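Enquirer: Okay, here's the structure, questions in a sec.
The values are calculated or read from the model by the stated rules, or taken from the named source; none is laboratory data. Every value quoted in this text rests on a predicted model; they were computed, and no experiment measured them. Reconstructed Cβ throughout: ideal geometry from the backbone, glycine too, with neighbour counts over all protein chains shown.
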Amino acid sequence: MQNIKILAIETSCDETSISVVENGRKILSNIIYSQIDIHKTFGGVVPEVASRKHIETIDGVLEESLKESNVSLDEISAVAVTYGPGLVGALLVGINFAKALSYAINKPLIGVNHIEGHICANLISNKELEPPFLTLVVSGGHTHLVVVKEYGKYEVVGKTRDDAAGEAYDKVARSLGLGYPGGPLIDKIALEGDRKAVDFPRSMLEKDSFDFSFSGLKSSVLNYQNRMAMKNIEYKVEDVAASFQEAVVDVLVKKTVAVAKKYRIKKVTMAGGVASNSRLREVMNKASKDNGFEFSYPPEILCTDNGAMIGCAAYYKYLKGEFSDSTLNAFPNLKID
């Protein structure tokens, strides 16, 4: 059997990542240059700064990725790249770099949906995993419940109507004075807080709806802080963080379990940056055991934006001959359904 080696590029937000993946599930290299320390100063990702940093670092990341994989460009079967969703300027850096590289080495170009990449991270970390399975995609920009029917075939059965879960984490962390990025900071400080200290709302929306809404929860946290300030009452930041996180996790887990039951799916996975959250993993694991689901999630390095997940998704496109041409462009609001 031919060993298919995909060189995959991910620049959708503030990580410049290039990976070499063999036969979809074996990582030969996965270099990630993170800009978190740069954007901390601004309290969030500045698109123009992110784009410029991608331009500065992408050559070096490619060189390091090839060196770590011990694979030459001649041995590459195809070049894959994220073309959406994401920041348009950041996406264009990766796309144009991938186009030039694909042309230079005369190998096929494969455009990959960023959300599909996150889902496929599970295929790398769990070698036994095969469709059908359910994935909760939960990150700074996305909150989706996706039924993976077969490789490359998806049905989105639920998604956020306003803030993504990770976005709510960032905004609440900012209001609590914790800094950026909010997810890991709240997760850490919540360990010291009382999860039942404040009864924040759980928005389940209409009966039988699998969609999400976190803007009301975010507003409730802000309103709580304002009420306490007006009454000159001190509160523990740890308690607010823990109570907020419990409300988010509660909704995410209940909706995921409801979808798995309705669609009679026994395999449940998670993906995206918030899939690294310790409380979410703990509660989802318990719920899966209680309901007889097989539950798995990627290691933290594959939850963040990375080239390896793009390489995995691209492999299954390669097998089907789903290639892109020189007209491939950035789609910042690209959907997966």
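Enquirer: Only residues that are part of a helix (DSSP H, G or I), over 18 Å from GLY140 (Cα atoms) and within 21 Å of the chain's Cα centre (by Cα): list them for segment 260-287, please.
Expert: Passing the criteria: ALA260, GLU282, VAL283, MET284, ASN285.
Enquirer: I would also like to ask the following. Just to be sure I understand, how many residues within segment 168-214 are under 24 Å from the mean Cα position of the chain (by Cα) and over 22 Å from VAL46 (Cα atoms)?
Expert: 15
Enquirer: Step by step: first the residues of segment 313-334, then only those that are touching a Pro at 6+ places or on another chain (Cβ under 8 Å) and assigned to a loop (DSSP other than H, G, I, E, B), then the one that is surrounded by the most Cβ atoms within 10 Å (Cβ to Cβ). Which residue is that?
Expert: Looking at residues that are touching a Pro at 6+ places or on another chain (Cβ under 8 Å) and assigned to a loop (DSSP other than H, G, I, E, B), I get LEU334.
Enquirer: Could you tell me which of the residues GLY141, GLY89, GLY182 is small (Gly, Ala, Ser), crowded, with 16+ Cβ neighbours inside 10 Å and outside the structural domain of GLN225 (by TED's automatic domain parsing)?
Expert: Answer to the check: GLY89.
Enquirer: Contact list please: Cβ distance under 8 Å, first residue in segment 168-195 and under 20 Å from SER213 (Cβ atoms), second residue part of a loop (DSSP other than H, G, I, E, B) and aliphatic (A, V, I, L, M), pairs at least six apart or on different chains.
Expert: ILE186/LEU176; ILE186/LEU178
Enquirer: If a residue has to be among the acidic types (Asp, Glu) and more than 24 Å from ALA258 (Cα to Cα) to count, how many in segment 203-236 make the cut?
Expert: 1
Enquirer: Check every one of the strands (runs of 3 or more DSSP E) wholly within segment 1-118 and list those with 3 or more residues that are in contact (Cβ under 8 Å) with a residue 40 or more places away in the chain, of a type in the set (Phe, Trp, Tyr) and within 28 Å of PRO184 (Cβ to Cβ).
Expert: none
A quick yes/no check of all residues on (1) in contact with a Lys or Arg (Cβ under 7 Å, 6 or more places away or on another chain); (2) more than 20 Å from GLY152 (Cβ to Cβ):
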| site | (1), (2) |
| --- | --- |
| LEU280 | no, yes |
| LYS289 | no, yes |
| PHE293 | yes, yes |
| THR304 | no, yes |
| ILE310 | no, no |
| TYR315 | no, no |
| LYS320 | no, no |
| ASP325 | no, no |
| ALA330 | no, yes |
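Enquirer: When the residues of segment 5-42 are filtered to those that are of a type in the set (Ser, Thr, Tyr) and under 19 Å from the mean Cα position of the chain (by Cα), which remaining residue is surrounded by the fewest Cβ atoms within 10 Å (Cβ to Cβ)?
Expert: SER34
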